[in-house]
Amino acid sequence: MGKSLFVAEKPSVAMDFVNLLKVNGKRKNGYIESDNAVFTWCVGHMVTMCYPEAYNEKLKYWNLRDLPFLPNKYKYEVINSAKGQFNVVSTLLNRNDIDKIYVCTDSGREGEYIYRLVDDLSGNPKKEKLRVWIDSQTEEEIKRGIKEAKPLSEYNSLAHSAYLRAKEDYIIGINFSRLLTLIYGKQLSNMLKKDKSSVVAVGRVMSCVLGMVVDREREIRDFKKTSFYKILGSFNREEKEEEIQSEWKALDNSRFKDSPKLYNEGGFKKREDCISLIKDLEEIEEGIISNIKRTKENKNAPLLFNLAELQNECSRKFKISPDETLNYLQTLYEKKMVTYPRTDARVLSTAVAKGIKKTIFKISKMNIGEELTLATKNILDKSWEKTILKSKYVDDKKITDHYAIIPTGEGNNVINSLKEIEKKMYFLILRRFIAIFYPKAQYSKQAITITLGSESFYTTKKVCVERGYLDILEPNKENNMDEFPKDLKKGQKVLVDSLEIKEGETSPPKRFTTGSIIIAMENAGKLIEDEELREHIKGAGIGTSATRAEILKKLINIEYIKSNNKTQTLTPTEFGEMIYEVINISIPSLLNPKLTASWEKGLKLVYEKSIEPEEFMIKLEDYTKRSVYTVFKDNKIGNLNRKLLKVKNIYTENKK
């Protein structure tokens with residue numbers, strides 16, 4: 001019987017396998033070997049797609065007559081810096097005494113791609129290959145992953161989608177970057193007063209994200225403030241000291257119902273109309289409480305974190321970029337403290353939920369502070385962990401590769417040595433996890449309508465009566481106990497204390513932050529503020545949880561956009577906005593989030609085996625050909641010049 005070979009994605013993960021499986025092996029050059037097993041590793045990506053000149057030397061030079069460039073068969077090569085380790089892994093894959101291969105690269109599309117490329121360039125050795133698919137780096141999970149490893153062929157559709165994603169980025173990047181640079185690069189350089197022709201870097205997802213940032217900046221730039229005017233009423237009851245503050249609204253009985261004078265049902269477009277109404281109302285000395293509505297409202301704890309939600313929260317709370325968030329999260333994962341980071345799911349699987357008591361028990365024994373230790377013991381003492389099985393926090397249909405990011409209950413020995421930001425992130429994940437087991441927060445709501453003649457004043461108050469999960473997520477926030485007087489009754493008379501005008505202004509849209517743009521990318525370009533609503537409408541996004549932070553980082557590095565380190569807000573650069581104009585005038589579909597999301601959905605359909613890889617490639621190549629020929633046929637240099645000049649003038653004006 002031959003040996004088993006375990007191939008990890010990086011050395012540290014291979015060492016985890018060696019240590020957790022208690023392997024007594026010898027360290028050699030690029031691998032560790034014992035009597036019956038060998039452990040080796042990749043160093044991230046070791047193989048890449050070849051540049052066009054590998055197909056034909058003349059393609060080293062950019063020329064319009066060579067476009068579109070669509071290879072019949074794609075070529076790959078070993079990355080120079082990884083050649084040493086690639087040779088080690090390749091030799092081991094082909095060693096005669098090794099008859100079983102365990103693929104232990106990252107459990108996702110990118111990890112699958114890393115191994116498959118190495119396997120292909122090693123001659124695709126005909127051996128038994130098993131895929132280790134795990135959700136965390138704990139001893140228990142690694143052992144389960146090895147025991148339940150499935151034939152690698154069962155992941156072929158995932159591999160197909162990985163190869164197609166790379167081909168898609170390659171085809172679009174090379175063809176459109178060369179095309180737009182050759183036609184418009186010199187014109188762009190002249191406008192920017194640069195000596196060399198500017199390269200127009202185009203990317204399937206990158207260009208779309210640039211478009212989102214520029215479009216938002218233009219919305220803000222073109223925004224015109226509108227003033228509106230409200231009437232605030234202050235009322236009291238005879239012999240009572242308390243005041244009831246409320247706002248006028250044009251309800252059904254109002255003479256201004258649906259009037260063109262209104263900005264909305266609560267305000268006028270002109271101050272004069274407010275003044276006129278106040279004069280009429282001041283002649284009425286008494287009002288009446290015409291309606292009191294009391295309701296109760298329950299609110300559940302938010303769903304668990306996926307990578308996008310965590311990146312958004314860390315950008316907002318800690319002012320760090322999505323790329324930094326992912327790096328810190330990866331460290332927590334490798335220290336076995338949290339589950340797999342690059343996940344889109346915000347729920348648990350039924351199988352995980354059934355065994356979650358064990359995780360909570362392990363967490364209760366960790367050094368997490370008295371408050372959270374008591375919280376975990378509270379869950380166990382009251383058996384609250386049983387309540388989530390039939391809750392919104394468990395849904396197998398909403399999980400593709402991995403469930404939500406949660407603590408594992410491991411890592412107590414390293415928790416105190418974590419960097420401060422890593423610790424903050426861990427406790428953010430921990431609190432979100434603990435909160436889902438706690439009862440709902442309960443609120444008491446009161447809405448009061450005061451009638452003054454034919455006009456109405458309206459006010460509401462909302463008071464938290466049972467904090468529930470808020471004890472975990474907002475431990476330091478005090479409840480608002482400002483309730484209406486208990487003896488208020490419908491039909492009671494009230495006196496008018498004062499009627500005042502309050503001026504308001506419309507606000508421009510907010511700039512994207514490094515966090516909110518990740519959420520917008522996840523939702524095909526829409527920034528949906530409400531967390532629950534986001535989850536309901538979530539479909540095909542732009543990019544993936546594994547790539548979004550990297551794309552954003554690239555846009556900043558090539559100076560198409562910039563990020564404010566203190567606020568994490570994103571703005572386009574002058575160069576970036578000019579690039580936007582080049583793309584918008586030539587291949588505007590690249591800026592369309594819906595189209596970009598549809599390509600991502602296509603990759604998902606390949607993974608789900610709903611369409612064949614060949615069908616995807618035919619559509620991709622057809623789109624590329626049509627776009628290239630359209631630009632050839634109708635270049636718009638004159639029109640572009642006017643647009644570039646307009647951008648230049650805006651930025652010149654801003655510098656003054």
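Structural remarks
- Pairs of Lys residues in segment 582-636 that lie 8 or more places apart, or on two chains, and have C-alpha atoms under 27 angstrom apart add up to 17.
- In segment 557-656, the GluC sites (Glu not before Pro) that fall in loop regions by DSSP, at most 13 other Cβ within 10 Å: GLU559, GLU608
- Taken along its three principal axes, the alpha carbon spread of segment 439-480 comes to 47, 18, 11 Å, from the longest extent down to the shortest.
- Of ASP195, ASP323, ASP497, the residue with the largest accessible area leads and the full order is ASP195, ASP497, ASP323 (1.4 Å probe).
- Which of LEU428, LEU182 is most accessible, then next, and so on - probe 1.4 Å: LEU182, LEU428
- Each label point was placed 7 Å from the Cα along the Cα-to-Cβ direction; for ASN592 and ASN412 their separation is 5.7 nm.
- Euclidean distance between Cα centres, segment 287-365 to segment 384-459, Å: 6
- In order through segment 72-88: 3J(HN,Hα) via Karplus (6.51 cos²θ - 1.76 cosθ + 1.60), integer Hz, x for Gly, Pro: 6, 9, 7, 9, 10, 9, 6, 5, 3, 5, 10, 4, x, 6, 4, 4, 5
- In loop segments of segment 60-103 as defined by DSSP, the chymotrypsin sites (Phe, Trp or Tyr not before Pro) with at most 15 further C-beta atoms inside 10 Å of their C-beta are TYR61, TYR74.
- The figure for GLU550 is an accessible area of roughly 120 square angstrom, using a 1.4 Å probe on the protein chains alone.
- What a 1.4 Å probe finds exposed on the chain is 48% carbon and sulfur by accessible area, rounded to a whole percent.
- Given charges at Cβ of Lys, Arg, Asp, Glu: the chain dipole, positive-most of ILE558, THR339, PRO613: PRO613
- Computed per residue of the chain from DSSP H runs no shorter than four, each worth -39500 (n - 2.57), the mean residue ellipticity at 222 nm is -13000 deg cm²/dmol.
- The modelled label-to-label distance for the pair LYS127/HIS45, using points 7 Å beyond Cα in the direction of Cβ, is 2.6 nm.
- Difference of contour (0.36 nm per residue) and Cα-Cα distance, LYS194 to ASN649: 162.1 nm
- Projected onto its three principal axes, the C-alpha set of segment 313-469 covers 69, 37, 36 Å, listed from the longest axis down.
- For the pair ASN24 and ASN557 in one chain, pulling the backbone fully straight at 0.36 nm per residue adds 187.4 nm over the alpha carbon distance.
- Here LYS26 is the anchor, and the lysines within straight C-alpha reach of less than 27 Å, apart from those fewer than 8 places off in the same chain, are LYS3, LYS10, LYS83, LYS100, LYS126, LYS127, LYS129, LYS143, LYS147, LYS335, LYS336.
- Antiparallel %, DSSP beta bridges [both residues in the chain], to 5: 80
- Rg/Rh (Cα only; Kirkwood hydrodynamic radius) as it applies to the chain: 1.05
- The shape of segment 227-283 can be summarised by an equivalent ellipsoid whose semi-axes, obtained from the alpha carbon gyration tensor, come to 24, 12, 11 Å from longest to shortest.
- Cross-link partners of LYS643 among aspartates and glutamates (Cα-Cα below 20 Å; sequence separation of 8 or more within a chain): ASP215, GLU217, GLU219, ASP222, GLU559, GLU574, GLU577, GLU581, ASP634, GLU653
- Computed on the Cα atoms alone, the convex hull of segment 155-270 gives a volume of 316 cubic angstrom per residue.
- Among the protein heavy atoms, those of THR460 account for about 80 Å² of accessible surface (1.4 Å probe, every chain in place).
- Using the Cβ-Cβ distance between LYS489 and THR91 with R0 = 56 Å, the FRET efficiency computed as 1/(1 + (r/R0)^6) comes to roughly 0.05.
The values are calculated or read from the model by the stated rules, or taken from the named source; none is laboratory data. What you are looking at is a predicted structure, and each value in this text was computed from that prediction instead of being measured. Here the Cβ is made from the backbone with ideal geometry for all residues, glycine too, and neighbour counts use every protein chain on show. To get the accessible areas, we keep the full protein, side chains included, count just its heavy atoms, and leave off ligands, DNA and RNA. Shrake-Rupley method; radii C 1.70, N 1.55, O 1.52, S 1.80 Å.
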